[in-house]
2 protein chains.
Amino acid sequence: METLRLYDFLPSGNGYKIRLLLSQIGMPFERIEVNILKDETRTPEFFSKNPNGKIPVLEIKSGKYLAESNAILVYLSEGTEFLPYDRFLRAQVMQWLFFEQNSHQPFIAPLRFWISILGKAEEYKEAIEQRREFGYRALKVMENHLQSHNFFVDERYTIADIALFAYTHVADEGNFDLKQFPAIQAWIERVKTQPRYISIKEEVQH
Amino acid sequence: METLRLYDFLPSGNGYKIRLLLSQIGMPFERIEVNILKDETRTPEFFSKNPNGKIPVLEIKSGKYLAESNAILVYLSEGTEFLPYDRFLRAQVMQWLFFEQNSHQPFIAPLRFWISILGKAEEYKEAIEQRREFGYRALKVMENHLQSHNFFVDERYTIADIALFAYTHVADEGNFDLKQFPAIQAWIERVKTQPRYISIKEEVQH
C-alpha cells in the first residue's frame, strides 16, 4: 500500500481529527503542511485536490483525494474499534458528526481562529459576538449528553468523540468558558488518556 | 416492523431530504408536522427526541430516535441503490454530505427562510448579505463538479444528490440567481425525473 498523505495545517482542529485517529490506529502517513494563512488552499493546484479549497485532504493513493474531515474519519475508521459495526450505533456516530459540522464547529472554531491564531479579536468583534450564543448552545447540548454518558456513543471512545474533541478542548482559545461545563471537562480528560493520544500541536512520530 | 415516524416541517429542505428518499425507497412512514415557527422543537418533550432541538427526527421504533438529516439519509440508504457499497465511493458520498452541512446549507437555507418563509428580507438584510457570498461559493463548487459529471458520485443518483438538491433547487427563494449555473440547472432537471420523485411541498402518498 502506498503511504497515506495528509494535506494539513498544524493549528487546524479539522486537520487534528485525522492526525489523532491515524496515530491511534497506528497507521503511518506523510503530513504536508499547507499554510491557509497564505491562501495556499486557494490555488489551482490545491483546488484540483479539493474543489472546496479547504484542508484537511487525504491522498489515499496517487491522485485519489478525499476531503471533509468527518468523511475522512468515517473512511479511516471503518472496520476498526473507533466506528461501531451495529447499524443504529453507527447512525448515532453520524448524528454527532453532522451535529459537529453544522451546529458546533461553525460557531466555535472561527472564534479561536480570529482571537488566538490571527490575534484580531477587535477586528472580528461583531462576527465573534454573533456566533458566541450558538457556540454555547452547542456546548450545552454536549454537556447535557455527557452528564449521563462517558462518551458520545455506546459508552466507548469513537470517532464521534474525536470529531467533537478537536474544537471543544481548545474552545478556551476562542474565549469560551469551559468551567461552566464540568461534564465536558471530565470527558476531555478521558479523551486525553486514550492510548496513543497526541496533542493538537504535536507532530505524529513514527 | 413498526412504522417509521418522521418529525418534520413541510417547508424544510432538511425534512424534505428524508421524505424524498423514503418515497424513492418505497418505505411507508408517518409524518408528524412540528411547527418550528411556533418553537415546537424547543420544548422539553421535543428535546427528549433530539437534544439539539431541530427537525427532522426519525423515530425508528418506539422511543428510538435519530436526528441530523444527513445521518438519517445514510441510515436509511444502507443496502439500497442510493448509497454505493464500494468504500471509496461511499467516502465520496460522505464528503458531499459534510460539504452540504458545513459549506452549503448554512449559507443558502437561511436566506430562503428569512426571505420567503418569514417574509422578513429587510429585518435580516445584514445577515443575508453576510452569507450570500459563501452561498455563491458553494454553488460554484457544485457547478464546477457538474460541468463534467451527471451526478455527484459514481455517475449515478445517490443520497449525495438528494442532500444537495434539497436547498439548491429552491435557492431562488433566497434570491440566489441559478441562471448563472447551467450545469446545476440541468442536474436539477435530472433529479426531478428520478423514479418516485416528489416535490418539497408534497405530502407523500402511500
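Sorted shortest first, the separations between the residue A:127 label point and its copies elsewhere in the assembly read 1.8 nm; each point sits 7 Å from Cα along the Cα-to-Cβ line. Amide H contacts of residue A:150: none lie under 5 Å away among residues 5 or more positions distant or on a separate chain (H built 1.01 Å from N in the peptide plane; Pro and chain starts excluded).
Out of every Cα-Cα pair that the range A:62-108 contains, those further apart than 15 angstrom amount to 51 percent.
Nearest chain B C-beta to the B/A rotation axis, reported as residue and distance in angstrom, is B:101, 3.
Note on chain A: along the principal axes its Cα atoms extend 46, 45, 29 Å, ordered by decreasing extent. Charges were assigned to the Cβ only: +1 to each Lys and Arg, -1 to each Asp and Glu. The resulting dipole of the protein assembly as shown about its Cα centre is roughly 180 debye. Between copies, residue A:86 shows label-point distances of 3.2 nm, shortest first, with the point placed 7 angstrom from Cα along Cα to C-beta.
Counting only DSSP beta bridges with both residues in the protein assembly as shown, the antiparallel share comes to about 60 percent. Partners of residue B:201 within straight-line reach, counting aspartates and glutamates whose Cα lies under 14 Å from its Cα and excluding those fewer than 8 residues away in the same chain: B:8, B:33, B:173.
If I stretch the segment between residue B:35 and residue B:116 completely, what's the gain in nm (0.36 nm per residue apart, minus their alpha carbon distance), one decimal? Please report the intermediate quantities before stating the final value.
On the way: separation 81, 0.36 × 81 = 29.16 nm, distance 1.61 nm.
That works out to 27.5 nm of additional length.
Within chain A, the longest run free of exposed loop sites, counting GluC sites (Glu not before Pro) that sit outside DSSP helix and strand states (H, G, I, E, B) and have at most 12 other Cβ atoms within 10 Å, spans A:3-80. Distances, shortest first, from the label point of residue A:43 to those at the same position in the other copies read 5.6 nm; the point lies 7 Å along Cα to C-beta. Converting phi to 3J(HN,Hα) with the Karplus coefficients 6.51, -1.76 and 1.60 and the offset θ = phi - 60°, the range A:8-25 yields 8, 9, 3, x, 6, x, 5, x, 4, 3, 6, 4, 5, 5, 4, 4, 6, 6 Hz in sequence order, with x at every glycine or proline.
Loop only by DSSP, 14 or fewer other Cβ within 10 Å of the Cβ. Give me the trypsin sites (Lys or Arg not before Pro) in the range A:1-50 that pass, ordered by residue number. For trypsin sites (Lys or Arg not before Pro) across the range A:1-50 that sit outside H, G, I, E and B with at most 14 neighbouring Cβ atoms in 10 Å, the list reads A:42. Looking at the range A:85-173, the chymotrypsin sites (Phe, Trp or Tyr not before Pro) that sit in a DSSP loop and have at most 14 other Cβ atoms within 10 Å of their own Cβ are A:85. Compactness check for the range A:4-77: Cα Rg over 2.2 N^0.38 Å is 1.00.
Mind putting a number on the dipole of the range B:87-192 about its Cα centre? Charges go on the C-beta only, +1 for Lys and Arg and -1 for Asp and Glu, and I need it in Debye to the nearest 20. Before the final figure, lay out the partial values.
Values: 13 positive and 14 negative charges, 57 e Å.
With only Lys, Arg, Asp and Glu charged at Cβ, the dipole is about 280 debye.
Residue pairs exceeding 24 angstrom between C-alpha atoms, taken from A:17/B:64; A:49/B:192; A:17/A:61; B:17/B:54; A:125/B:179; A:140/B:49: A:17/B:64; A:49/B:192; A:125/B:179. Helical runs (DSSP H, four residues minimum) scored at -39500 (n - 2.57) apiece and divided by the length of chain B put the mean residue ellipticity at 222 nm at -13500 deg cm²/dmol. Measuring max minus min along each principal axis, the C-alpha atoms of the protein assembly as shown give extents of 56, 47, 46 Å (largest first).
Using every Cα-Cα pair within the range B:87-192, state what percent have a distance larger than 22 Å. Don't skip to the end; give the middle numbers.
On the way: 1586 of 5565 pairs.
Result: 28 percent of Cα pairs exceed 22 Å.
Rule-based calculations on the coordinates, nothing more; no lab input. Here the structure is a predicted model, which is why all the values come from computation and not from measurement. So basically every Cβ, Gly included, is an ideal-geometry build from the backbone, and we count neighbours across all protein chains shown.
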